[in-house]
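Peer 1: This is the structure, below, for whatever I ask next.
Quick note: the coordinates plus some simple rules give every number you see, no bench work behind them. Owing to the predicted nature of the structure, the values given are computational and were not obtained by experimental measurement. Note that each Cβ is placed from the backbone with ideal geometry, even for glycine, and that neighbours are counted across all protein chains shown.
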Amino acid sequence: MRGSASNSLREVFNGLRYVVKTGVPWRWMPNDLPPWEAVDPQAQRWLAAGCFEQLADDLRALLRLASGRRSEPSAAILDS
């Protein structure tokens, strides 16, 4: 990987996106992305830290605000 640390993390994230989007095994990542040995451990750290859940929560709140609603829902529906 080349460039600054932020570019490197961006490339690692791009590698993760590639694996998620295509469903390929880690070891089949193309050569223009970082090696899978760098992407997999970082992805595991992000998963353990709950980064993607927080990202989904933040995005949901932003979309609700953009549609003129409160960021958090005021009701819930439970079905069995």
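Peer 1: Quickly estimate the mean residue ellipticity at 222 nm for the chain, helices only: each DSSP H run with n ≥ 4 gives -39500 (n - 2.57), and the total goes over all residues, rounded to 500. List each step's numbers first, then the result.
Peer 2: Numbers: 3 runs with 47 residues, N = 80.
When only DSSP H runs of four or more count, the value is -19500 deg cm²/dmol.
Peer 1: Moving on to the next point. Only one of the listed values, (1) 249; (2) 160; (3) 86, was derived from the coordinates as volume of the Cα convex hull per residue in Å³; which label is it?
Peer 2: The listed entry that was calculated here is (2).
Peer 1: Report, in debye and to the nearest 20, how large the dipole of the chain comes out about its Cα centre when Lys and Arg carry +1 and Asp and Glu carry -1 on their Cβ.
Peer 2: Result for the chain is approximately 220 debye, rounded to the nearest 20.
Peer 1: Using only alpha carbon pairs under 8 Å that are at least six residues apart, calculate the relative contact order of the chain and give it in whole percent. Before the final figure, lay out each step's value.
Peer 2: Working: 41 pairs, mean separation 15.5, N = 80.
Averaging sequence separation for qualifying contacts and normalising by length gives 19 percent for the chain.
Peer 1: Using a simple spin-label model with points 7 Å from Cα along the Cα→Cβ vector, what separation in nm is obtained for Ala38 and Ser80?
Peer 2: So the two model labels end up 5.3 nm from each other.
Peer 1: What are the chymotrypsin sites (Phe, Trp or Tyr not before Pro) within region 9-68 that DSSP puts in a loop, where the Cβ has at most 13 other Cβ atoms within 10 Å?
Peer 2: Values: sites: Phe13, Tyr18, Trp26, Trp28, Trp36, Trp46, Phe52; in loops: none.
Within region 9-68, no chymotrypsin sites (Phe, Trp or Tyr not before Pro) qualify (loop, at most 13 other Cβ atoms within 10 Å).
Peer 1: Once you put a point 7 Å from the Cα of Leu55 and another 7 Å from the Cα of Arg27, both along the Cβ direction, what distance in nm separates them?
Peer 2: That separation, rounded to one decimal, is 2.6 nm.
Peer 1: Here's another thing I want to ask about it. Simple spin-label model, 7 Å along Cα-to-Cβ: Glu72 to Leu47 in nm?
Peer 2: 2.9 nm
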